[in-house]
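A.B. asks: My questions all concern the structure below.
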Amino acid sequence: MNFCSDNATGVSPEIMAATAAANCGAVMSYGDDEYTQRLQVKFSDLFETSVTVFPVATGSAANALALAVVTPPYGAVYCHAESHINLDECGAPEFFTGGAKLVTVTGNHGKIEAETLGKILDRAGAGVVHHVQPAAVSITQATEAGTVYNPAEISHISEVVRSHNLHLHMDGARFANAVASLGCSPADITWRAGVDILSFGATKNGAMAAEAVVFFNQELAKTFPFYRKRSGHLFSKMRFLSAQLEAYITDDLWLKNAVHANNMAARLAAGLAGVEGAKFCHQVEANEIFIQLPESVITAVLAEGFLFYRWDECTVRLVTAFNTLEADVIAFVEAVKRHQ
């Protein structure tokens, strides 16, 4: 009954089977294997355009290395104040860019608003030697608040980004949950909306340890192999990362997993909606719930063995996953109602 994180779950059986199947015989190393080569075609088909794909093992590596490609040491990356790259990556973007600065942007429900971003960039000091130089904007999909950007919102941000000659990066650690929530094509919220680089997440949604950096602007991909090697993310046995990613996008497993996680979150939210003293902090649009509950209820439910994170004094975060049991959702709601 663990609602702490979708990182706490195991591996999709399909991905585990694909990884085991890849453990047969000898293949070329460092990405010169058939599994990795197939990813280029399969991801291009998935996104309905030609892309360049690089497997890495962690989301932090995907984000930091992607941003390093487009941001010089004297540059600035604009991101939401609550974004993962700002709060949860231990300075990795700053390290791999060689010292670039993260400039935070506020916005309701985890989102950057195009108008606010435009005003900040207008007075950012582009060309002024005394200031860090604007280089990139990073948005998170789904956001750290569990909300999602729709295609129009991303397009408006992209217009601002383009008008200032910057590049747009998307942290897609929960990209599948966003696509499932919106019911749109992956292309509609990436390159068609103006995204240059996507950190395509898989680990939170059923993979063992696999993420992909997807370049829609393929000119930007030319130096990425060197950043990846220098950071220690060019795996010699790359086939085991690539086999996970291949299985993940085969037969829409990635979407099936995300749909289940989102449905469990919706079921959980519906059950908690009528609890006395409960207040949702954000609209539940993906697989994360932020809700304020009375302290007595939080303490009692924790004592029953349910696991979740406290976000602040009276707010908790509940996260569902591809293998969350409906019985656990029902049990949690019943426990909360018993102690309200």
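The values are calculated or read from the model by the stated rules, or taken from the named source; none is laboratory data. This structure is a prediction, so every number in the text was calculated from the model and none was measured. Glycine gets a Cβ as well: all are built from the backbone with ideal geometry, and neighbour counts include every protein chain shown. Side chains included, ligands, DNA and RNA excluded: accessible areas come from the protein's heavy atoms. Shrake-Rupley method; radii C 1.70, N 1.55, O 1.52, S 1.80 Å.
A.B. asks: Applying 1/(1 + (r/R0)^6) with R0 = 25 Å to the Cβ-Cβ distance of Ala278 and Ser5, what FRET efficiency is obtained, to the nearest 0.05? Numbers along the way, then the final one.
C.D. replies: Working: r = 21 Å, r/R0 = 0.84.
Rounded to the nearest 0.05, the efficiency is 0.75.
A.B. asks: Any idea of the accessible area per residue across the chain, 1.4 Å probe, to the nearest Å²?
C.D. replies: Working: 14340 Å² over 340 residues.
Spelled out: the 1.4 Å probe surface of the chain, per residue, equals 42 Å².
A.B. asks: I've got another one for you. Say each of Thr250 and Gln40 gets a label point 7 Å from the Cα, pointing the same way as Cα to Cβ; how far apart are those two points in nm?
C.D. replies: According to this spin-label approximation, the distance is 2.0 nm.
A.B. asks: Give, in nm to one decimal, the length gained when the segment between Ser236 and Cys24 is fully stretched (0.36 nm per residue of separation minus the Cα-Cα distance).
C.D. replies: Values: separation 212, 0.36 × 212 = 76.32 nm, distance 1.55 nm.
Gain in length upon complete extension: 74.8 nm.
A.B. asks: For segment 1-77, which whole percent of the accessible surface, found with a 1.4 angstrom probe, sits on carbon and sulfur atoms?
C.D. replies: Numbers: 1900 of 3300 Å².
Answer for segment 1-77 is 58 percent, counting heavy atoms of protein chains only.
A.B. asks: Find how much the distance from Met16 to Gln292 grows on full extension, using 0.36 nm per residue of separation minus their present alpha carbon separation; answer in nm with one decimal. Intermediate values should be presented prior to the final figure.
C.D. replies: Details: separation 276, 0.36 × 276 = 99.36 nm, distance 3.68 nm.
The span from Met16 to Gln292 would gain 95.7 nm if fully extended.
A.B. asks: Which value, in debye to the nearest 20, describes the size of the charge dipole of the chain about its Cα centre when Lys and Arg Cβ atoms bear +1, Asp and Glu Cβ atoms bear -1, and nothing else is charged? Numbers along the way, then the final one.
C.D. replies: Details: 23 positive and 35 negative charges, 115 e Å.
Using only the charged Cβ atoms, the result is roughly 560 debye.
A.B. asks: Give the distance, in whole Å, between the Cα centre of segment 242-317 and the Cα centre of segment 1-74.
C.D. replies: Comparing the Cα centres of segment 242-317 and segment 1-74, I get a distance of 25 Å.
A.B. asks: At 7 Å along Cα-to-Cβ for each site, give me the label-to-label distance between Glu334 and Thr315 in nm.
C.D. replies: 3.1 nm
A.B. asks: Counting only protein heavy atoms and using a 1.4 Å probe, what share of the accessible area of segment 153-311 belongs to carbon plus sulfur, as a whole percent?
C.D. replies: Working: 3300 of 6270 Å².
After summing per-atom areas, the C and S share lands at 53 percent.
A.B. asks: Also, I was wondering about something else. Note down the accessible area of Ser60, probe 1.4 Å, to the nearest 10 Å².
C.D. replies: Here the residue's solvent-accessible area equals roughly 40 Å².
A.B. asks: So, one more: If the cut-off is a Cα-Cα distance under 28 Å, which lysines reach Lys42, setting aside same-chain residues fewer than 8 apart in sequence?
C.D. replies: In chain and number order, the partners are Lys204, Lys222, Lys229, Lys237, Lys256.
A.B. asks: How much length is gained if the chain between Tyr74 and Ala327 is pulled fully straight, taking 0.36 nm per residue apart and subtracting their Cα-Cα distance, in nm to one decimal?
C.D. replies: Values: separation 253, 0.36 × 253 = 91.08 nm, distance 5.19 nm.
The Tyr74-Ala327 span can extend by a further 85.9 nm.
A.B. asks: Would you give the gap between the C-alpha center of segment 79-131 and the C-alpha center of segment 171-227, rounded to a whole Å?
C.D. replies: If we compute the Cα centre of each part, the gap is 20 Å.
A.B. asks: What residues qualify as long-range amide H neighbours of Val103, i.e. H under 5 Å apart, gap of 5 or more or another chain, H built at 1.01 Å from N?
C.D. replies: HN-HN under 5 Å from Val103: Val77, Tyr78, Cys79.
A.B. asks: Related question: Which one, Ala187, Ala258, Met238, projects farthest toward the positive side of the charge dipole computed for the chain from Cβ point charges (K/R +1, D/E -1)?
C.D. replies: Met238
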